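The values are calculated or read from the model by the stated rules, or taken from the named source; none is laboratory data. Just so you know, these numbers come straight off a predicted model, no measurement behind them. Here the Cβ is made from the backbone with ideal geometry for all residues, glycine too, and neighbour counts use every protein chain on show. Calculation scope for accessible area: heavy atoms of the full protein, side chains included, ligands and nucleic acids excluded. Shrake-Rupley method; radii C 1.70, N 1.55, O 1.52, S 1.80 Å.
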Amino acid sequence: MTTVRILLLVVGLWFGWYGISALFDLPPTDLASAAIWFAGGILLHDAVFAPVCAAFGLTARRLLPPTWWAVTACGAICSVALVLIALPVLDRRNAMSSNPTVLDRDYALGLTVALLLVWSLVGIAHAVRYWSGRRHARIRRGGLRSPRAAKTGP
């Protein structure tokens, strides 16, 4: 395990150095633009995104039963990732009139279908957990025989 960690560290350092050395080849105006975008991303995350996520998390924690927290958080993370990936193309119909094949799909429909799929899976996971919990409760009460208890012999 230590070998894997050392290998990952070496690969990560190499990728980091590669990225930094690629920045050295840029003109000063592009470096300034990259620095502004980098700082802006950090400030946007810390000033807007993190507090909003914390507020949603605390609200959901108060409203939802504890057994729902993990699956619902997974669905929320997937939803945020999908929306962030789709944001640049959601309202860019006919972005290049000279080339109609650029952004030629209905990205809003695709995002809607993806979000429906994610939250359907969240609902299925909740249902599976609910029904398996009910079955285990009946086994504990003696209403059903446990599959392990039904086995006899060596």
Q. Somewhere in segment 130-144, is a residue more than 35 Å from the chain's Cα centre (by Cα) and either of a type in the set (A, V, I, L, M) or at pLDDT 95 or above (or both)?
A. yes
Q: Among residues belonging to segment 104-129 that are within 28 Å of Trp69 (Cβ to Cβ) and not aliphatic (A, V, I, L, M), point out the one that is modelled with the lowest pLDDT.
A: Arg129
Q: Run Trp68 past the list (1) of a type outside the set (Ser, Thr, Tyr); (2) without any contact (Cβ under 8 Å) to a residue 40 or more places away in the chain; (3) open to solvent by 80 Å² or more (accessible area, probe 1.4 Å) and report the number of the one that doesn't hold.
A: (2)
Q. For the subset of segment 35-58 comprising residues that are aliphatic (A, V, I, L, M) and open to solvent by less than 70 Å² (accessible area, probe 1.4 Å), which member is farthest from Ala70 (Cα to Cα)?
A. Ala35
Q | Residues (part of a helix (DSSP H, G or I) and more than 27 Å from the chain's Cα centre (by Cα)) located in segment 21-60 | A | Ser21, Ala22, Leu23, Phe24, Pro28, Thr29, Asp30, Leu31, Ala32, Ser33
**Q.** Cβ-Cβ under 6 Å pairs, at least 6 apart or on other chains, segment 102-113 side in contact (Cβ under 8 Å) with a residue 12 or more places away in the chain and surrounded by 11 or more Cβ atoms within 10 Å (Cβ to Cβ), far side assigned to a helix (DSSP H, G or I) and aromatic (Phe, Trp, Tyr)
**A.** none
Q | Output for segment 16-34, where each listed residue is among the aliphatic types (A, V, I, L, M) and open to solvent by 60 Å² or more (accessible area, probe 1.4 Å) | A | Ile20, Leu23, Leu26, Leu31
